[in-house]
Amino acid sequence: MKSAPFEHHEPETVAEAVSLLEALDEPTILAGGQSLVPMLRFRLANPDAVIDLNRIDELDYLEEADGMLRIGALARHVDIEESALIADRYGSFADAAPLVADPQIRNRGTIAGSVAQADPKGDWASVLLAHDGEVVARGPDGERVIPADEFFLLPYDTTLDENEMITELRVPTPLDREGSAYHKLKRKTGDYAMAGSAVRIVLDEEGTIETAGIGLTAVDITNVRATDAEESLVGERPSKEAFKQAGELAAEQSHPESDEHGDASYKERMVNVLTQRALADAAERAGLVVKRVTA
Amino acid sequence: MSTKDITLTVNGETHSLTVEPRMLLIHAIREELDLTGSHIGCDTGNCGACTVVKDGEAIKSCLTFAVQADGSEIETVEGMEDHPDADGGLHPIQEGFEQEHGLQCGYCTPGMIMAGKAILDENPNPTEEEIREGISGNLCRCTGYQNIVKSIQYASDKLDENGEVAAADGGRAETDGGFTCGVENCCGGTGFDHTGGDNE
Amino acid sequence: MSSDFTDGDEPREFVHDDDGGPDPETHCGHGRGGMGEEVRRKEDKRFITGRGNYIDDIKKPNMLFCDIVRSPHAHARIKNIDKSRALDVDGVVAVLTAEDLLEHDLATMPTLMSDTQDVLVRDKVKFQSQEVAAVIAEDRYAARDGADKVVVDYEVLDPVVTAEEALKDDAPVIRDDIEGQTDNHCLDWETGDKEATDAIFEEADVTVSEQMLYQRLHPAPIETCGSVADFDPGKDKLTVHMTSQAPHIHRTLFSQVSGIPEHKIRIVSPDVGGGFGNKVPIYPGYVVSAAASYVLERPVKWIEERSENIQSTGFARDYDMTGELAATEDGRIQAVRTDVLADHGAYNAVAQPSKFPAGFFKIFTGSYDVDAAYGSLTAAYTNSAPGGVAYRCSFRVTEAVYLIERMVKVLADELDMDPAEIRRKNFIQPDQFPYETPTGWNYDSGDYEAALDKALEMADYEHYREEQQRRIENDADKLIGIGISSFTEVVGAGPGKTCDIAGVEMFDSCDIRVHPTGNATVRVGVQTQGQGHETTFAQIVAEELGMDVDNITVEHGDTDTDPYGLGTYGSRSTPVAGAAAAVAARKVRDKAKSIAANELEAAEADIEWDRQSGEFHVAGAPDRSITITDIAASAYMNHPASEEPGLEAVDYYDPPEMTYPFGSYIVVVEVDRETGEVDFEKFVAVDDCGNRINPMIIEGQIHGGLAQGIGSAMMEHVTFDDNGNVTGGDFMNYLLPTAKEIPNFETGHTVTPSPHHPIGAKGVGESPLVGSPPAIVNAVVDAMAHEGISHIEMPMTPDRVWETLDSVGLSRDPSDSFEIEFGDTGAEPADD
């Protein structure tokens, strides 16, 4: 498949990119391009102009600053995968990165691009939701910070304005006794998730859960938070019973569709399973001893 | 129709091209530069037959426009024999594919070789699992992957050995590169290691 | 007759010693790269250095590109096609529709089963992605731009998506283009003795029955189809470079379609990036590119996209089968009965010998000595792409083996017998060969129990049976399942009297030319797509002529230079063309003897050829010897008066029978009770393909076919929605396994030569894909058999496996798999 013709713009600063966004007629932003390029090739997207962010060096970072983990719009999946900072402190990010697509795609694809694409089968939006993350956008009127909770509208549709672009994603740096994890079920490497669950829990000094965040992948029209499950966990001590209940509530709150990869009822069940598994890992990462009972 | 002037350095040689922005990097490499070793096997970015190394990283050149590669350094299978590790012949990865029967129809092979190079560039001694992960973006319909994994392991061992030889100024003799029948001391060869093969 | 053996050439075991490796005493040790040696492949260098020459690598001066406009609907009448906007696009040279092709009498083409398929839709679209118009342009981007601008006005009709729907009385008729066709019925077929079979079923102690769908698959070679057509008006000659597994028969068909005399057509099959049966049929794209080149007098390239490949070219399988076994209570299988509903798509375009409308499906009695069998089949037209190609398969043997090997497991579970034991009890015994089956096959040779025993040992079968039991008793989170398949294949079509493609007998050929300096060019009528012909055939000739394999070049794929042959599919290259190579080499050897006699001044009758040294010598005087190199020189420089100069031979080999490779595969899986995911713990494949030419290449073929078996069993499926839209039509949705889903395989072999094949070889390429899916399904079923599960449909997606687990109370909640311990430090969990 071959794309329709388009103009290619390569701004070198965010400011330049934002003015192009304003000046051009319905341009499309290209970051990693690993989802966009196939869409262009199949002519599912036919923009007259493409604004390519890849020369904007100021967007290429992954760092902790001011109490936040900050992910620049050009940080690639591989940057998360290979980051010692992430491996040490951000379990859900470390889990999710190597589960995204395949190595070549992780070398190019960006976390922000995945979030902007707003495909409910994408992984990063769930992680962002579980962590109470934020999307930082820049437009002609300056910077706007959008809570992840308010970002996703529909498949491929977000609350980002037409003349805005994502410059950064951010989540709070981990607290003491915090643990997070991401579990995903897919049929093979490179396949999208059939279901996925990102969780983050924070324990108080007594070991009671004081904060819980759960984001679900591929089981609704957008990535969604499992709010009932989150609420059920807060105030509880981590236990298999509490996690089981949370898994069940998360499943109840999901609305997957049946497709060739699986029935809706199965996907709901997997939300339960993956959420429980992620909670067990998160509890371990929060400092608890989790004993696995296996064959 | 707008076009752009770009510069690509492919296998050490710099080319100036005028391309439409929509031209995929794989088409620029194959059609404009006549380097047809890299292939196209799908339209969704799944198969990896178009894998090249761009600025040190394996990428799918069907998921990148040529204009995005302006100014970058690209390595394709055609450059492997000129690599210093090739020592005037085949690169150890290429040799691995030949010795370990890592290819059949050959169509995915250039992409696999480049994915293999990216693996070894980053991690000279990968485990089997790391090799399988590293080539998981490349589909092969012929080999079942087992011999591809062995081919990359062969290269890893060979590069190690070369390193040791260079370091020790001598070292052990290389195994016979010619054919052997599979039985030690049978055809005059040194015997072929049947790891995972018959009756092992 | 070509299958006669010259002195000392009777089939015998070339490769067999206690360790299963090559035996220095019988052959190996001459070190010239003959039979049984793991010669590194001669074709590899060009592929590993990027110098392969695949279809899209071919560039011609002044070449145009073709892109095809395809129907978005599965069933629709075309009311109008407006080309005008497309013709205005920069770079577009022409837009072709059926009307344009009609002018040149190229509007239709015959399928391999002599149905008539539109090259470009004349009136009614019959499947989604069917070819509606073709745009010819200066480059591929412009061709696509033009295709985007062709406006087609469709009247959408109700689609018929499944074979079951198709046969309902009120189903819309798809093939109203066939005179007298008033429904979607395509064909009926039956085999065996119905009466005798039914009688056994009536009386039997035990009968079992299971329905199983062998789902629609696609061969999906990593290279798609394509062509570069180049009509030379000066020579009135049409050259078509195309991705063809069978260039000679394609030339004949091209001549029939176009009316161009066959000697004015040259088909060149360049390096082919995998075929697996996908590149056996003729596709509209080839014809359109040829027509466009003919009309425009410029070379025209057509290259298929992946989605086009899966959505419009030959699919495989789609057999909905009911299997039944009748047995005694102690497990002796008395009769097999089966009924099949086949989906043939919109045209009858199955790729198989024309007298076999259900291919070789009638081999469904497998490796077992049964008293009677009966099979029946109904095929229907549906609004889906035509197909039924033999995907790494000898014409439906894959479906047949799946049926019988699944049913044996069903019976074993019903009788509570070990699945290895029940097989042993029913195997055709070595002394029963040649063995005629109830459906009329004549098996050449076999030792099924030896292969099974070897596989059981390699798989550590007893250990896994114990582990399986332990897991059940411990209520473990992961279950163990062990699956067995002991298959018999039928490959190597002809003989010509029973097997033909479009009337042409299924022989094959080899032409050997030994040059004055002692090396040789070998040309064959089959076409490699990765099987390693350039090495394997060279090894056969090296073995039979005493030459060094390095001195032999094998060529194929060019109808102007190669002898006519029927091509590579159905594992027929070694059984048929391999036989031709051996026989041609022996013809050369016979002449060489005459030259040797002249040179050694002895009577020809006194000349002996020594396989070990490769030399010719006078009987009783080994010192008076001459090499093939010296004989080659003499053939051109000092030929005997009794002979013509030169040293060449050609053989057209019509096999007397097919060959019957077999094997036993054992698969151990671990099934996750929480998610339904399946992991492969162990995968053992013991194959017997008769004498082995290049064990390295054989093992590679086995690995590849097993991986495809895993794909078939676990994830591959061309799916459709209710409107006939293909929902599994690209690599995002038609899932091929990656290196992470494929385990390491352990291969082994036994050697039972074919008694009628000149070198005792049988063919092997397809065995692993034929034999492995039932072993895999049997393994997953086995993990749940203790709760009465008898079947799971392919592909065994996690949801199907989990639903099955859940249906018998075997699914499990993750909370049963962990405990959280607060312990002494529980009140104050450790800081991270």
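Throughout, read-outs are computed from the coordinates displayed, never taken from laboratory work. Note that this is a predicted model, so its numbers are computed, not measured. As a convention, Cβ positions derive from the backbone with ideal geometry for all residues, glycine included, and neighbour counts pool all protein chains shown.
Quick notes on this structure:
- For the range A:36-145, GluC sites (Glu not before Pro) meeting the loop criterion (DSSP other than H, G, I, E, B) and having at most 12 other Cβ atoms within 10 Å: none.
- For the segment C:665-674, counting C-beta atoms of other chains within 10 Å of every residue's C-beta and taking the mean gives 1.
- Cα shape, the range B:83-168, gyration tensor, a/c 1.5 rule: prolate
- Other residues within the sphere of radius under 11 Å centred on the Cβ of C:Asp198, judged by their own Cβ, net out at -3 (K and R +1, D and E -1).
- Each of B:Asp82, C:Asp369 has some number of other Cβ atoms within 10 Å of its Cβ, and from fewest to most they run B:Asp82, C:Asp369.
- Between B:Thr18 and A:Asp57, the distance separating the two model label sites (each 7 Å from Cα on the Cα→Cβ line) works out to 3.1 nm.
- Sites C:Asn442 and C:Tyr636, calculated FRET efficiency, Cβ-Cβ separation with R0 41 Å, nearest 0.05: 0.40
- Listed by chain and number, the lysines placed with their C-alpha closer than 18 angstrom to that of C:Lys355 are C:Lys497; residues fewer than eight positions away on the same chain are left out.
- Alpha-carbon centroid distance for the pair the range C:361-402 / the range A:1-69, whole angstrom: 52
- When you filter the GluC sites (Glu not before Pro) in the range A:191-295 for DSSP loop state and at most 14 other Cβ atoms inside 10 Å of their Cβ, you are left with A:Glu205, A:Glu206, A:Glu257.
- Local net charge near A:Ile146, Cβ-Cβ under 12 Å (Lys/Arg +1, Asp/Glu -1): -4
- Using the average count of surrounding beta-carbon atoms within 10 Å as a protection proxy, the listed peptides C:621-628, C:139-146 rank, highest first, as C:139-146, C:621-628.
- Theoretical FRET efficiency, 1/(1+(r/R0)^6), r = Cβ-Cβ of C:Lys355 and A:Tyr156, R0 35 Å, to 0.05: 0.05
- Relative contact order of chain C, pairs being alpha-carbon contacts under 8 Å that are 6 or more residues apart, as %: 16
- Of all aspartates and glutamates in the structure, those lying under 14 Å Cα to Cα from C:Lys264, and not within fewer than 8 positions of it along the same chain, are C:Asp230, C:Asp232, C:Asp236, C:Asp558, C:Asp560.
- Cβ-to-Cβ counts within 10 Å put C:Met637, C:Met714 in ascending order as C:Met637, C:Met714, the fewest first.
- Legend: mean number of C-beta atoms from other chains within 10 angstrom of residue C-beta atoms, peptide A:271-278, equals 4.
- Residue by residue along C:695-706, Cβ atoms of other protein chains within 10 Å of the local Cβ number 6 on average.
- Helix-only CD estimate at 222 nm, as mean residue ellipticity for the protein assembly as shown, using -39500 (n - 2.57) per DSSP H run (n ≥ 4): -8000 deg cm²/dmol
- Of the trypsin sites (Lys or Arg not before Pro) in the range A:160-221, those whose Cβ has at most 13 other Cβ within 10 Å and which sit in DSSP loop: none
- When C:Phe254, C:Phe818 are sorted by how many other C-beta atoms sit within 10 angstrom of their C-beta, beginning with the fewest, the order is C:Phe818, C:Phe254.
- Calculated FRET efficiency, C:Thr521 to A:Val145, Cβ-Cβ distance, R0 = 60 Å: about 0.25 to the nearest 0.05.
- Nearby lysines by direct alpha-carbon distance to C:Lys454 (threshold 26 angstrom, same-chain neighbours under 8 apart not counted): B:Lys150, C:Lys409, C:Lys425, C:Lys682, C:Lys762
- GluC sites (Glu not before Pro), loop per DSSP, at most 10 other Cβ atoms within 10 Å - longest free stretch of chain C: C:330-600
- Structure note, pairs C:Lys60/C:Lys301; C:Lys83/C:Lys126; A:Lys184/C:Lys740; A:Lys188/A:Lys240; A:Lys240/A:Lys291; A:Lys291/C:Lys740: Cα-Cα distances above 18 angstrom occur for C:Lys83/C:Lys126; A:Lys188/A:Lys240; A:Lys291/C:Lys740.
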